[in-house]
Amino acid sequence: MDESQRSQVDTYLTHLNGLMRRGCELEEALASEPSDPAHLTAARRWHEDCGVTINQLSGGSKAHWLARSFSDAFLIRSANGQALEGATHSEIIQRLLSVLQQAVSTLSQMEEGAALSASSQAPAPRRFEFVHNPELRPVVERAFTDSRRALEQADYSLALLTSCGILEAIVTDALEHKGLTALIESGAPAEKISKWSFETRLTVAERAGLIRGGCARLPAVARRYREQTESAAGREMDATVTESDARKAGQVLHVVMRDLDPGR
């Protein structure tokens, strides 16, 4: 990639990260005041700004995977995949944040001479070079692809379980690399990391400075995901996990990935 291309990519990444920050702020504002006219106006303006950026990145092609993902963000689909009606403001923001994150992921992985608008295909699976255990990398990479596919197929329970499994795996990898002795000095339990609960691993990782506060947005059902992996609980979970839950779990995973690999 020449300097001109690299500069263009860096400019887009900065702009996309700014859009994502605005989106997160809007989501929080609308959660507390969903009918506030100022918030709704700001949300529409944000949608337009996202649309302009997506159009540029997709080369103006509506057939591009990124453009299709942007359009789909405004729709609610039935079980057979048919569009029914417009989504709520909160749902649209969550979905657009996911689309923006996909764009960031693809730009971050661009290889020599590649261009985001050069293909209408979905981006390649996310690479996990920051994971210290080399044997774990291909496992979480495949799981990442499976999670995205499950979300696209409206299998929200599987999408959430897979995202949480990846989240626990990469956080555990970071904790083990840090070392139990150093973690205990930060107030961690003295028992082996393998015996810690999912919640404890997230808390200790944040306290040790390995990750920031992104896990605060993790839905309650995601925090209990270990309990749901048993067959009986899993059947109940299928009916209770919403699209919002699954997307939020995926968004938290993306945030933690950035925390663990800040140079990406």
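FYI, it's all coordinate maths here, none of it is from the lab. The model shown is predicted, which means the values in this text are computed figures rather than measured ones. Cβ coordinates were reconstructed from backbone atoms using ideal geometry, including for glycine residues, and neighbour counts include every protein chain displayed.
Listing for the model above:
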{"item": "Candidate lysines for bridging to K195, where Cα separation is under 17 Å - those fewer than 8 sequence places away on the same chain excluded", "result": "K178"}
{"item": "Point-to-point label distance, A216-V52, nm (Cα→Cβ direction, 7 Å offset)", "result": "3.1 nm"}
{"item": "Computed FRET value (nearest 0.05) for I184 with S90, which takes r as the C-beta separation and R₀ as 35 Å", "result": "0.30"}
{"item": "Within the stretch 10-35: backbone nitrogen closer than 18 Å to the S244 label point (7 Å, Cα to C-beta)", "result": "23-35"}
{"item": "Theoretical FRET efficiency, 1/(1+(r/R0)^6), r = Cβ-Cβ of R45 and R149, R0 45 Å, to 0.05", "result": "0.85"}
{"item": "Cut-off 17 Å, label 7 Å out along Cα→Cβ of E135, residues of the stretch 163-206 by amide N", "result": "169-170, 172-174, 176-177, 194"}
